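The values are calculated or read from the model by the stated rules, or taken from the named source; none is laboratory data. Quick caveat: nothing in here was measured; it's all calculated off a predicted structure. Glycine also receives a Cβ, built like all others from the backbone with ideal geometry; neighbour counts cover every protein chain displayed.
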Amino acid sequence: MSDNLQEYSVSGLSFALKRTLEDAYGLVRVRGEISGFKRAASGHVYLALKDADAALDGVMWRGGAAKLRFQPEDGLEVVCTGKITTFPGRSKYQLVIESMEPAGAGALMALLEERRKKLAAEGLFEATRKRALPYLPEVIGVVTSPTGAVIRDILHRLADRFPRTVLVWPVLVQGERAASEIAAAINGFNALEPGGAVPRPELLIVARGGGSIEDLWAFNEEVVVRAAAGSEIPLISAVGHETDTTLIDFASDRRAPTPTAAAEMAVPVRAEILAQVLDKGARLERAQVRRLSEFATHLSGLGRALPRPHELLALARQRFDGAAERHAQALRSHVRVLEGRLKSAEARLRPQTLKLDVTRQVARLDELDRRRAATGVRRLDASRLALSSLAKLLQSVSHESALERGFVLVHGADGRLVRRREALKSDETVRLTFRDGDAHATIEGGTPKAGRRRAKASQGELF
């Protein structure tokens with residue numbers, strides 16, 4: 001009976017099995033958990049699909065691997081579509097994978113949660129790591145696709161609110177290479193030197209439009225999350241729509257629900273700032289006017305409390321007159337005392353001695369009288385001279401003296417004294433006080449004019 005069996009060579013049997021498998025299982029979908037995932041230098045992907053009871057080797061050529069929308073890894077449950085074939089050199093069969101997708105959103109969410117817990121345990125999502133955004137950045141860096149609607153929305157919103165310099169780092173936002181390009185863009189912006197040929201951004205925006213969890217998976221990759229957490233430049237993540245959440249949102253300094261909202265976070269509204277500045281300027285001007293008015297009122301009150309110059313001298317004059325009168329009375333009293341003593345002495349002396357003594361006393365009295373008169377005159381002259389000096393000093397510091405020398409006092413429309421040229425306003429009417437009266441003038445372009453005539457008043461040429 002064995003003589004009737006067909007005899008195969010090893011190669012012949014191997015290729016026959018290969019054709020049988022390929023004919024019977026031309027295209028299959030296989031669900032399993034990835035194990036032993038490896039990407040070769042050539043770009044091909046090698047892995048095994050397994051479940052609780054069996055394992056199936058698989059290979060995905062470089063062209064198909066480049067189209068993956070997520071990053072496969074061990075433990076991820078996937079559904080692979082491809083062909084069953086054998087590898088005769090090792091007597092093994094394998095699945096040549098043409099496409100691969102996660103087994104379901106539940107599997108991806110489980111993987112996402114596991115990765116979130118891992119990165120959170122490392123402290124990458126701590127609130128203390130997050131920095132405040134600059135109020136008005138000069139340069140904004142945007143990491144996104146250069147051809148999508150996202151970059152147009154961001155640029156349009158920035159132009160509406162407050163135009164800024166925007167640097168765009170073009171990247172893929174979906175697919176196998178997207179994660180590495182996004183991370184490289186974030187690191188590249190941080191590597192720019194301040195003051196270099198390419199300005200270093202003060203704020204980064206990482207943006208992408210909405211999509212499925214698979215479409216947004218690049219923003220859940222560790223390399224992207226670590227780049228965002230390590231960025232020295234404050235970063236806003238704007239990935240997907242408001243309901244979409246990716247791991248880069250936890251690592252960024254601020255999360256925006258949409259790319260347009262990210263542009264609104266980046267800069268304030270220029271018109272609002274201008275309105276605030278104008279309002280604060282008006283308030284400051286009103287406060288200055290009010291303060292100056294208070295100073296003028298206070299100064300005017302102090303001026304009214306000061307005595308007049310003649311009142312200041314009146315007391316000194318009275319004291320001088322009293323002292324002069326008391327001095328004369330004292331001299332006369334002293335003379336009378338001396339005369340009394342002389343008469344008493346004369347009565348006690350003999351006539352001859354009396355005659356001589358009287359002569360000497362009379363001569364002495366004459367001398368004393370001359371000395372008294374000279375002393376009184378000198379003291380009166382010194383007092384008059386001191387009083388005259390005080391009067392001249394008072395006159396020299398008074399504003400009437402300045403007016404006598406040709407100066408003019410300028411009072412504003414509110415009656416305040418104008419001390420500086422910049423305090424004058426165009427078309428303001430001022431009052432000019434001269435030695436012999438007042439006149440009015442109007443300020444035009446910094447040159448005052450009186451009434452409706454330019455630079456003339458009733459007293460003649462003013463300036």
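When ALA229, ALA263 are checked against the criterion of being small (Gly, Ala, Ser) and surrounded by 24 or more Cβ atoms within 10 Å (Cβ to Cβ), ALA263 stands alone in meeting it. Only one of the listed residues (ARG69, ARG116) is at pLDDT 85 or above, outside any strand (DSSP E or B) and surrounded by 14 or more Cβ atoms within 10 Å (Cβ to Cβ). That residue is ARG116.
So, in the stretch 290-307, exactly how many residues are touching a strand residue (DSSP E or B) at 6+ places or on another chain (Cβ under 9 Å) and either without any contact (Cβ under 8 Å) to a residue 40 or more places away in the chain or at positive phi (or both)?
1
Would you pick out the residues in the stretch 180-210 that are of a type outside the set (D, E, K, R) and assigned to a strand (DSSP E or B)? Residues satisfying the conditions are LEU203, LEU204, ILE205, VAL206, ALA207. Looking at this structure, is ALA149 assigned by TED's automatic domain parsing to the domain that holds GLU222, in contact (Cβ under 8 Å) with a residue 60 or more places away in the chain and either of a type outside the set (Lys, Arg) or under 16 Å from ALA256 (Cα atoms) (or both)? So ALA149 fits the description; yes.
Taking the stretch 387-424 as the range and being surrounded by fewer than 12 Cβ atoms within 10 Å (Cβ to Cβ) and more than 22 Å from GLY303 (Cβ to Cβ) as the test, the residues that pass are SER388, SER389, LYS392, GLY406, ARG421, GLU422.
One residue alone among ALA314, ALA324, ALA287, ALA271 is part of a helix (DSSP H, G or I) and touching a residue at least 24 places away in the same chain (Cβ under 8 Å), and that residue is ALA324.
What residue, of ASP427, ASP366, is surrounded by fewer than 12 Cβ atoms within 10 Å (Cβ to Cβ) and outside any helix (DSSP H, G or I)? Residue meeting the stated conditions: ASP427.
Contact map, the stretch 43-57: residues that are assigned to a strand (DSSP E or B) paired with residues that are among the polar types (S, T, N, Q), Cβ distance under 8 Å, separation 6+ or inter-chain. Pairs shown: LEU47/SER35; ALA48/SER35; LEU49/SER35; LYS50/SER35; ALA55/SER35; LEU56/GLN94; ASP57/GLN94.
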